[in-house]
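Q: Take a look at the following structure, please.
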Amino acid sequence: MRINGGHLFTDLQLAIVAERLRDAEHPMKVLAAEDNPVFQSMLTNMLTKWGYEPVVARDGNEAWEALQQPDGPQLAILDWMMPGLNGVDICRAVRASGREPYVYILLLTGRTDSQDLVEGMEAGADDYLTKPFQAHELRVRLRAGRRILDLQQQLLAAREALREQATHDGLTGLLNRSGILEMLDKELARASREGHPLSVLMVDLDRFKDVNDTYGHAAGDAVLRESARRMQESIRSYDSAGRYGGEEFLIVLPGCDGPSAAAQAERVREMFAATTFFAGQRPLAFTCSIGVSSRAHPCETDSDALLREADLALYRAKEHGRNRVLVSADMPVCELSHTP
Ligand code: GH3
Ligand code: MG
Ligand code: MG
Ligand code: MG
């Protein structure tokens, strides 16, 4: 997480912006699908001169192939009449595939009958040019296509940023409560499908109110951010950590049975106990308590029970003096078909 002009950007948002900038540095690929060799070489020369990277297709099948590549062209000039799939067939196939990002299609046609053009546009073409055409006309129409694609890129980036905002916590950058609960449901469904164990840790910082009272709320916020960062570092890449409440965190451990989850919880507890945090220049120490719950054979409907058991175990850890891990007994509530 970085601070920029008072705004917090998560690493994912920064990565999205970096990707867009990288894209802008490369010439844009344009599919030139044309079976007539003379027109094909004219198209290729023009595109290169205008700073595009032409991707050549000599018939409809080659064009369809090029458009299906993961980093295939997003701007396509399709001749209507071609051997194999024709331009209109390709328009239909592209739109039916619902591919993202959007492919902007410019249809080249010798046909001038308005009924034909309606057919082309209805098949999903964005624009058309009637052959023969002036070079500058193609150039401005490609520019119009580019503008549409740029707008769509901005829309996609905004959608990704919104999704990121909706599922992540602004202070720590971890998944927020609904984000981590969604992750728990997803991992439970997978574990029950694949027959793997699953555990959760409910982590609560001990006497965190004292940190706020002694050092101020802003220092408390900084300590929460640092706690989240260190917690994230102390789990495996396929585990998920989220901010469940104020100073309470939920960690989902797919593939972990009770004993491994208890060992993981112990590592997190030790990390807190051994770490010196800082409120400005002033060092401060605090601990955490952790409740663990587990399913050796999870079923999809276990999430509420797992959370309840972890919460109860956490409550007991607090009662027993804090700075400790307590494991809820593995209480199988699954149907018989889930037992080995
Ligand atoms: P316990 O060991 O029983 O958990 O004690 P505690 O003080 O941690 O628990 P309590 O529930 O009494 O207080 C939670 C504290 O966490 C109080 C609240 O101000 C603080 N807190 C919660 N969210 C935030 C936050 O976003 N920023 C800061 N700075 N503090 C927070
Ligand atoms: Mg042709
Ligand atoms: Mg607490
Ligand atoms: Mg709490």
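Q: Restricting attention to the alpha-carbon atoms of the stretch 2-165, what are Rg (one decimal) and Dmax (integer), both in Å?
A: When restricted to the Cα atoms of the stretch 2-165, Rg and Dmax are 17.6, 58 Å.
Q: Okay, moving on. Once the chain is represented by equal point scatterers at the alpha-carbon sites, with solvent omitted, what log10 I(q)/I(0) does the Debye formula produce at q = 0.06, 0.07, 0.08, 0.15 Å⁻¹?
A: The Debye formula, applied to the Cα set alone, gives -0.39, -0.50, -0.60, -1.09.
Q: Once both labels are modelled 7 Å past Cα along the beta-carbon direction, what's the R316-A263 spacing in nm?
A: The two pseudo-label positions are separated by 2.2 nm.
Q: Note down the nm distance, to one decimal, between modelled labels 7 Å out along Cα→Cβ at L171 and at V118.
A: Inter-label distance under the simple model: 6.2 nm.
Q: Which length gain, in nm to one decimal place, applies between D221 and R193 when the Cα-Cα distance is subtracted from 0.36 nm times their residue separation?
A: Using 0.36 nm per residue and subtracting the Cα-Cα distance, I get 6.2 nm.
Q: Run through the stretch 213-262 and list the trypsin sites (Lys or Arg not before Pro) located in a DSSP loop whose Cβ has at most 14 other Cβ atoms within 10 Å.
A: Filter output for the stretch 213-262: R236.
Q: Here's another thing I want to ask about it. Among residues other than P37 whose Cβ falls under 14 Å from its Cβ, what is the net charge (Lys/Arg +1, Asp/Glu -1)?
A: -4
Q: Using only helices, what value at 222 nm comes out for the chain when you add -39,500 (n - 2.57) per DSSP H run of length 4 or more and divide by the total residues, to the nearest 500 deg cm²/dmol?
A: -16000 deg cm²/dmol
Q: Continuing with this model, one more query. Beyond 13 Å, what percent of the Cα pairs of the stretch 213-275 remain?
A: When all Cα pairs of the stretch 213-275 are counted, 66 percent exceed 13 Å.
Q: Over all pairs of distinct alpha carbons, what does the Kirkwood formula give as the hydrodynamic radius of the stretch 54-141, in Å?
A: Its Kirkwood hydrodynamic radius stands at 13.1 Å.
Q: A follow-up question, please. Using a Gaussian network model of the chain with C-alpha springs under 10 Å, which one of I290, I180, I148 is most mobile by mean-square fluctuation?
A: Checking each option, the largest mean-square fluctuation is seen for I148.
Q: K209: which lysines have alpha carbons under 19 Å from its alpha carbon, excluding same-chain residues fewer than 8 sequence positions away?
A: Counting by Cα, and skipping residues close in sequence, K209 has these lysines nearby: K318.
Q: List the lysines whose Cα lies under 17 Å from the Cα of K29, skipping any in the same chain that are fewer than 8 positions away.
A: Here the lysines satisfying the reach criterion relative to K29 are K49.
No lab work stands behind these numbers, since they all come straight from the coordinates. All values reported here derive from a predicted model rather than from experimental measurement. FYI the Cβ positions are ideal-geometry reconstructions off the backbone, even for glycines, and counts take in every protein chain you see.
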